[in-house]
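Trainee: The following block contains the structure, expressed as structure tokens.
FYI, it's all coordinate maths here, none of it is from the lab. Computed from a predicted structure; not experimentally measured. Here the Cβ positions follow ideal geometry from the backbone for every residue, glycine too, while neighbour counts run over all protein chains shown.
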Amino acid sequence: MIKYFKAVLRTFSWVSFPKIVFFISLLTANMMFPLMQVFSGLMQKYLVNAVEYQDMGYMTYVYWLAAGILFMVIFLNPVSTYLGNRAMEIFKKNMREMSIKKLMLYRYSFYENYQTGDLILRLRENLDAVSGDWSLSWLLLGLFYGGGSIVVMLTFNWQLSLLVIFLCLSQTFIMTKLSKRITENTEILQKIKSVQNQMLFDIIKSISFIKMASIGRLIRERYYKSNDEAAKKNMEINKINVVLNAVGDIFEAVNILSVFGLGIVMYLNNMIDLGSVMAFLFLQDGVNYMLGNLQGFLSGTRAQIVNYNRISELLNQEAEENDDKSIKLQNDDIIVKDLYFKYQTSESNALNLINLTIPKGKITVIYGESGGGKSTLIKILLALYPVQTGNISIGETDYAQINNTGIRDFYAYVGQSTYLFYDTVEANIRCNNETATLEEVMEAAKFAQAHDFIMQKPEGYQTMVQEHGSNFSGGEKQRIAIARAILKNANAVIFDEATNAVDMKNESYIYDYIQKISKRGKTVLIIAHRDNAKLLADNEIRIDRGMLVDR
């Protein structure tokens, strides 16, 4: 229980929302039902005594209690519920926004270490579970109802009250022991679900390859195996919950029989009035309610602790160093000196003693075998990986003097795999320059020779890009990406294997664009396998096995 409250308070401390209003509303809203039930129990006592003793003075208490119930129903409960729900909606909104903000600030290596399926599970299922956590309400309702009932019962008769308290503590002890196993199984289940999410993501993303390679049976069997494991864990958790429910039912029956039996004996011996016995039978339901809620709280919090911990782990990763260093960079030579780089999972360096200059306003081609270090160098240039040893500068301005956003603003990037967002064509081109007008977007598309095929679509620039850009060919997607790079108007443009997935005609379009922007004074860096790219080069660099071979 202590772990749960620590997890809740830690999460609440991260997010800005009206905490005081939330907690006051939470307490008030969860007091209404218990108070109404306790008041009803007292009304039952006074009504029975009014009849038994023929004393209408008891009815005064009944009227005041009824007025209190009406006040809670008409005013207090609706107001506190509204304010509490409003505060929680603000929490949910800010929690989701903070999650996305943090994810955008994490180092690139974070995404290499986490599977996509696991991240989606944390961002959707775990985050939704945390945002919709009702465990505190269960606990408060139970404590207020059960605690209030016990206090009132103690004023009636301490012997009967002690019997109810003893049964309550016995049930709590047993349920606590049983619920510990829920946490263990829930943690394992979350890991299995992460694997399943990743498998589903891979199936959807690579369905064409699965069909062409005829490996559908193998993929199905792998998923079925994972699904069986998840089903077994769910059944184990369900089995524990069934036992918990059975324990609750047994104690509820024992409570009723014990209170009724002992109460009647005490009434017949003039140890208690009949109204108090009847009120006991009504109020002991509050103890049963408390135990039921405690059962739900314990089983629920065991699972919620896992959700809170998974969200906590997700939101406490190391962020990029992206301070307020804002230097307006002019187009200049990109200079790499004595650069070494080593991946954490590798024993050898990916780059060794790299010294090179990418001259401004020229076309530089970097080529070499796959795995030689070209992509690693590009990721360091784009500040996806930090400079471990050595130095990179733009002119006389060292990378250490520039924040990551400033470095990336210096470049426009066109990769081999073009990603188009689920949005309009216009929005996809404009994403690097949000203030650009439609006319500027169209000019960039014309320059990239994309305008004509865009206009052939029924909705032109307002055409929605389908998933994976499936309503455009590979060459068309590349030209949209080039239009995006043009509109960014960066000082340098990187083409990272940009022609590998296109035919000769589209490759010719791309090379025409490269020559045009070079004539405009832009620095162009091409990563290529094909020899055609070398024909454009003002400067050639070869990297093999992490080393500079020749230039």
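Trainee: Cross-link partners among lysines for LYS522, C-alpha distance below 26 Å, same-chain residues fewer than 8 apart left out?
Mentor: Filter leaves LYS325, LYS328, LYS337, LYS360, LYS362, LYS374, LYS379, LYS446, LYS477, LYS488, LYS505, LYS534.
Trainee: Of the listed values [x] 25.8; [y] 29.4; [z] 27.0, grab the one calculated as Kirkwood radius over Cα pairs in Å from the structure here.
Mentor: The value computed from this structure is option [y].
Trainee: Treating the angle as unsigned and between 0 and 90°, give the value, to the nearest 10°, between the Cα long axis of helix 216-268 and the longest Cα principal axis of the chain.
Mentor: Roughly 20 degrees, rounded to the nearest 10.
Trainee: What is the gain in length, in nm to one decimal, between ASN269 and ARG545 on full extension, counting 0.36 nm per residue of separation less the C-alpha to C-alpha distance?
Mentor: 89.7 nm
Trainee: Additional query: Among the aspartates and glutamates, which have Cα under 16 Å from the Cα of LYS516 when same-chain residues fewer than 8 positions away are ignored?
Mentor: Correct list for LYS516: GLU443, GLU507, ASP538.
Trainee: Nearest 5 is fine: what % of DSSP beta bridges in the chain come out antiparallel, could you say?
Mentor: Roughly 45 percent of the DSSP beta bridges within the chain come out antiparallel.
Trainee: Sticking with this structure for a sec: Add -39500 (n - 2.57) for each DSSP H run of 4 or more in the chain, then divide by its residues: what number comes out at 222 nm, to the nearest 500 deg cm²/dmol?
Mentor: Helix-only estimate at 222 nm: -21500 deg cm²/dmol.
Trainee: May I ask for the angle, rounded to the nearest 10°, between helix 438-447 and the longest principal axis of the chain, with both axes built from Cα atoms and the value confined to 0 to 90°?
Mentor: Value to nearest ten degrees: 40.
Trainee: Here is a follow-up. Once R0 is set to 56 Å, what does the formula 1/(1 + (r/R0)^6) return for the Cβ-Cβ distance between SER170 and ASN391, expressed as a FRET efficiency to the nearest 0.05?
Mentor: 0.20
Trainee: Would you mind computing, in nm to one decimal, how far apart the modelled labels at TRP14 and TRP64 are, each placed 7 Å from Cα along Cα→Cβ?
Mentor: Using points 7 Å along Cα→Cβ, the separation is 4.9 nm.
Trainee: Could I ask something else about it? Can you work out the Karplus-derived ³J(HN,Hα) for every residue in region 335-342? Use 6.51 cos²θ - 1.76 cosθ + 1.60 with θ = phi - 60°, whole Hz, and x for glycine or proline.
Mentor: So the Karplus estimates, Gly and Pro as x, are 10, 10, 10, 6, 8, 10, 8, 9 Hz.
Trainee: Tell me the GluC sites (Glu not before Pro) within region 247-330 that lie in a loop according to DSSP and have at most 15 other beta-carbon atoms within 10 Å.
Mentor: Here the GluC sites (Glu not before Pro) that fit, given the DSSP loop and packing criteria, are GLU318, GLU321.
Trainee: Taking the alpha-carbon centroid of each part, what is the distance from region 1-71 to region 373-394 in angstrom?
Mentor: Here the two parts' Cα centres lie 63 Å apart.
Trainee: Can you give me the angle between helix 19-53 and the longest principal axis of the chain, using Cα atoms only, in degrees from 0 to 90, rounded to the nearest 10?
Mentor: On a 0 to 90 degree scale, this one is about 20.
Trainee: Of the beta bridges DSSP finds with both residues in region 334-550, what % are antiparallel, to the nearest 5?
Mentor: The answer is about 45 percent antiparallel.
Trainee: Non-local amide H neighbours of ALA498 (under 5 Å, H modeled in plane, Pro and chain starts lacking H): which ones?
Mentor: Close amide H contacts, sequence-distant or interchain: ILE527.
Trainee: If each residue of separation counts as 0.36 nm, what is the full-extension length gain between ARG86 and ASP338 once their alpha-carbon separation is subtracted?
Mentor: Taking ARG86 through ASP338 to full extension adds about 85.0 nm, to one decimal.
Trainee: Is region 2-315 rounded, prolate or oblate when judged by the Cα gyration tensor, a ≥ b ≥ c being the square roots of its eigenvalues, rounded requiring a/c under 1.5 and prolate requiring a/b larger than b/c?
Mentor: Prolate, since a/c reaches 1.5 and a/b exceeds b/c.
Trainee: Could you order peptides 275-282, 450-457 by the average number of other Cβ atoms within 10 Å of their residues, highest first?
Mentor: Ranking the peptides 275-282, 450-457 by packing returns 275-282, 450-457.
Trainee: If packing is taken as the average count of other Cβ atoms within 10 Å, what order do 261-273, 423-435 fall into, highest mean first?
Mentor: 423-435, 261-273
Trainee: Going highest first, how would you order 439-448, 389-398 by mean Cβ packing within 10 Å?
Mentor: Most protected by this proxy first, the peptides run 439-448, 389-398.
Trainee: Now a separate question. Based on the alpha-carbon gyration tensor of region 334-550 and its eigenvalue square roots a ≥ b ≥ c, which shape applies: rounded if a/c is under 1.5, prolate if not and a/b is larger than b/c, or oblate?
Mentor: Values: a/c = 1.88, a/b = 1.72, b/c = 1.09.
It is prolate, given that a/c is not under 1.5 and a/b is the larger ratio.
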